[in-house]
Every structure is written in C-alpha cells, then in structure tokens.
Amino acid sequence: MRQKSHVRAEQVPLRFDSEADLELLIERRVALHLEAGAFRWRFRLIALDTVLLISLVLATGLAVGESAYTVVRTAILVGASCFAAGMLLIGLSSSAAKLLARLRQRRMP
C-alpha cells in the first residue's frame, strides 16, 4: 500500500539532481544547528562560572567580616568582569574559527 504524500500544494517540491547536492544541503543544515548549540553551551558555562564566582566572593567576604556593601559591590564587579571576559572569549574563538574555515576554503581548489 502506498503512503500518503505529506507535500502540501503551497510547498515548493525539492528536487536534487544528485545525492551529492542533498548531502551538501544536509551537512550545511547540521553544521548550522551544531554551531548554534555550541554557542548555547558556551554561554551556559560562562553564566555558571559567573554565578559561582559571585557566590564565592560573597561567601568569602561575609566570612571574613567585611561590610555587606563592600562585599556586594566587589561581588558585582567580579561577576561583571568574569561575564565580560567570557563573552569576549566566546566572540574571539568564534571569529578565529570562521577565519580558519575561510583559509581552508581558499587552499582547497
């Protein structure tokens, strides 16, 4: 028994001349999906590190007996600098990866 087609009338049917075109399309879509996922995981890691450092500075400052205002202000500064450094690192590593990909494409004929 033949399966019912899931193509609607308003959809443009995809036709590929060869399986190589289909493979290329799939590889590109998978690469984009994985890049987006990698950014999300890097961002989560930076956020977790930031929260961890803020809590450590708060706990240490309060345990030593510093004033609450000084401890909170210091924790916010440490957290902001940690987050900014992490985001800068993510941006620089992404830029370096794109640059290396372009250089590889130029070397390949």
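The values are calculated or read from the model by the stated rules, or taken from the named source; none is laboratory data. Note that the structure is a prediction, hence the values are computed from the model and not measured. Glycine also receives a Cβ, built like all others from the backbone with ideal geometry; neighbour counts cover every protein chain displayed. Accessible surface is based on the protein model in full, side chains and every heavy atom, while ligands, DNA and RNA are left aside. Shrake-Rupley method; radii C 1.70, N 1.55, O 1.52, S 1.80 Å.
For every residue, the table says whether it meets (1) at pLDDT 95 or above; (2) within 12 Å of the chain's Cα centre (by Cα); (3) among the aromatic types (Phe, Trp, Tyr); (4) in a helix (DSSP H, G or I).
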position	(1), (2), (3), (4)
42	no, yes, no, yes
63	yes, no, no, yes
69	yes, no, yes, yes
76	yes, no, no, yes
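Please specify each residue of region 69-83 satisfying the condition of being open to solvent by 60 Å² or more (accessible area, probe 1.4 Å) and over 17 Å from residue 46 (Cβ atoms).
Listed by number, the residues that qualify are 69, 72, 73.
Could you identify the single residue in 15, 29 that is charged (D, E, K, R) and modelled with pLDDT of 85 or more?
Selected residue: 29, the only one of 15, 29 that is charged (D, E, K, R) and modelled with pLDDT of 85 or more.
Name the pairs whose Cβ atoms lie under 8 Å apart, with the first residue in region 17-35 and part of a helix (DSSP H, G or I), the second hydrophobic (A, V, I, L, M, F, W, C), and 6 or more positions between them or separate chains?
22/16; 25/16
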